[in-house]
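See below for the structure under consideration.
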Amino acid sequence: MTKVLIIGAGHAGGTVAALLRQYGHEGPIVLAGEEPAAPYQRPPLSKAWLKGEADLEALLLRPEAFYAEHEIELRMGLTATAIDTAAKTVTFADGIVEPYDALILATGSTARKLAIPGADRPDLLELRTLTDAERLKAALGPGRRLAVVGGGYVGLEAAASARALGAEAVVIERMDRVLARVASETLSAFFTAHHRARGVEVLTSAEVVAFEDGGVRLGDGRLVEADAVLVGVGALACDGLARAAGLACENGVVVDEAARTSDPAIWAIGDMTFRPIPAHGGRRHRLESDPNALEQAKQAAAAITGRAAPTPEVPWFWSDQYEVKLQIAGLPDGADRQVVRGDIEAGAFAVFHLAGDRIVCVEAVNAPAEFMAGRQMISRGQAVDTAKLADRSVSMKEVAVAQA
């Protein structure tokens, strides 16, 4: 029987193990992860977990008993150190050498480090794991001040959670706007105003040059005082194991539409992969999202069990901040114009990115109908009447079927 070894027990690894059984795989499955906890969801770490609205049981993908019941050998607290592709074995830090017939890499990503004085301080906080979230939660509360370095989604979510817990928060962004790398200017301006209205100080075009006792030193000499500092300046693919094994890597592990690597016996899924996106002409991207992890888990499980490949999905993402629910579908690749639908000041709108007359991305703020219809139209690659798209008196259902 084919033995499947999965390295990485996060959302991607835990999901693919369960799917293999669901798809009928009867051979041995070993799921090995570095963390002590069974596979859990990470998005709530910056939201519900920080605010005390979720416990570990709520975070777990499945009850721990699930793995034994489905004969999935769960090994926690193990770090893989080497892959021997010729022998088809993986060596772990404790000396165990585990053979495999099919290997799935799901090692995720790691926080990017700043190369500045003080970047190695042990009191600096990150938010990648349950342990990180526990440290951050302990640092927050009334009378405390959190400095967030990096105005990305995780940083803004953490600032919102800090405010909900009664702490002060300041967001420090090197670019001239928050979310500069991942969102439209319209969305950046909305979230900046929204956070400021709730008491968050937002500093843009602010270069962090050092971490010091008592806060963060900026390039203009200012010291941003803080009781705790969270650094969230992006993530890097954990592809070192794959690179050392000779697998093709470029901004992550290069995979095909079946999540297979350059070695036919090895698959890679989740944040660590550089993958083709069929909905965007097959261009490769590294996506950091649970939907991406789930889609690639389906791809790998289907390929290993001989099932038909799943239908390609449109990439999508979400973020919860205060009462705002942001949903994004697609990627703005090749977009040459934007159409805004809805009321920005009322906090219910969508920004549609178009390439010619076709939607390639939609950013929806408290606008689920726009998100769902936009995602469908991106998937179909259909042309859209932009006048109707911008007209709120025309329902999104009408817009979507107008030229389908």
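Structural remarks
- Solvent-accessible area, 1.4 Å probe, carbon plus sulfur percent, for the range 1-143: 51 percent
- Cut-off 17 Å (backbone N to label point 7 Å along Cα→Cβ of R121), residues of the range 205-219: 207-219
- Zero-based 10 Å bins, Cα pair distances in the range 64-159, whole percents: 11, 30, 26, 23, 10, 1
- Distance between the 7 Å Cα→Cβ label points at R196 and K51: 2.4 nm.
- Ranking by accessible area, most exposed first, for T261, T85 with a 1.4 Å probe: T85, T261
- The chain shape via C-alpha gyration tensor axes, a/c threshold 1.5: oblate
- Between the range 330-404 and the range 119-154, the Cα center-to-center distance that results, in Å: 36 Å
- The phi torsions of the range 284-295, fed into the Karplus equation with coefficients 6.51, -1.76 and 1.60 and a -60° offset, translate into couplings of 8, 9, 9, 10, 10, 7, 5, x, 5, 4, 5, 4 Hz, rounded to whole numbers, with Gly and Pro shown as x.
- Hits among lysines - C-alpha to C-alpha of K51 under 17 Å, sequence gap 8 or more where chains match: K137, K325
- Close amide H pairs (under 5 Å, H built 1.01 Å from N) link S109 with C238, residues at least 5 positions away or on another chain.
- DSSP bridge analysis restricted to the chain gives an antiparallel fraction near 60%, rounded to the nearest 5.
- Cβ-based net charge around A169, under 15 Å, with every Lys or Arg adding one and every Asp or Glu removing one: +2
- Relative to the Cα centre, the charge distribution of the chain, modelled as +1 at Lys and Arg Cβ and -1 at Asp and Glu Cβ, gives a dipole magnitude of about 640 debye.
- Three-way shape call for the range 151-202 based on the alpha-carbon gyration tensor, with the a/c threshold at 1.5: prolate
- Whole-percent carbon and sulfur share, accessible surface of the range 327-404, 1.4 Å: 49 percent
- Dipole magnitude (debye, nearest 20) for the range 161-216, charges at Cβ of Lys, Arg, Asp, Glu: 320 debye
- Amide proton proximity set for R283, modelled H, under 5 Å, gap of 5+: I277
- Counting only protein chain heavy atoms and rolling a 1.4 Å probe, the accessible areas of T15, T204, T81 rank, largest first, as T81, T204, T15.
- Burial ranking of peptide ranges 50-61, 233-244 (average Cβ count within 10 Å, highest at the top): 233-244, 50-61
- Solvent-accessible surface (1.4 Å probe) assigned to I116 amounts to roughly 40 Å².
- Surface analysis of the chain yields an accessible area of 43 Å² per residue, using protein heavy atoms and a 1.4 Å probe.
- Extension gain, E71 back to Q382 (0.36 nm per residue minus Cα-Cα distance, nm): 107.5 nm
- Difference of contour (0.36 nm per residue) and Cα-Cα distance, L165 to D343: 61.2 nm
- Solvent-accessible surface (1.4 angstrom probe) belonging to R275, in square angstrom, nearest 10: 10 Å²
- V253, V182, ranked by accessible area, largest first (probe 1.4 Å): V182, V253
- K47 accessible area, assembled protein chains, probe 1.4 Å, Å²: 30 Å²
- Note on A308 and E250: with the Förster distance fixed at 45 Å, the Cβ-Cβ geometry gives a FRET efficiency of about 0.95.
- Span from the the range 250-277 Cα centroid across to the the range 161-185 one, whole angstrom: 32 Å
- R0 of 51 Å, Cβ-Cβ distance D84-E212: FRET efficiency to nearest 0.05: 0.65
- Helical content of the chain, expressed as a calculated mean residue ellipticity at 222 nm, amounts to -7000 deg cm²/dmol (DSSP H runs of 4 or more residues, -39,500 (n - 2.57) each, divided by residue number, nearest 500).
The values are calculated or read from the model by the stated rules, or taken from the named source; none is laboratory data. As the structure is a prediction and not an experimental result, all values here were calculated from the model. Please note: Cβ atoms are built from the backbone with ideal geometry, for glycine as well, and neighbour counts cover all protein chains shown. The protein model used for the area step is the full one, side chains on, heavy atoms only, and it has no ligands, DNA or RNA in it. Shrake-Rupley method; radii C 1.70, N 1.55, O 1.52, S 1.80 Å.
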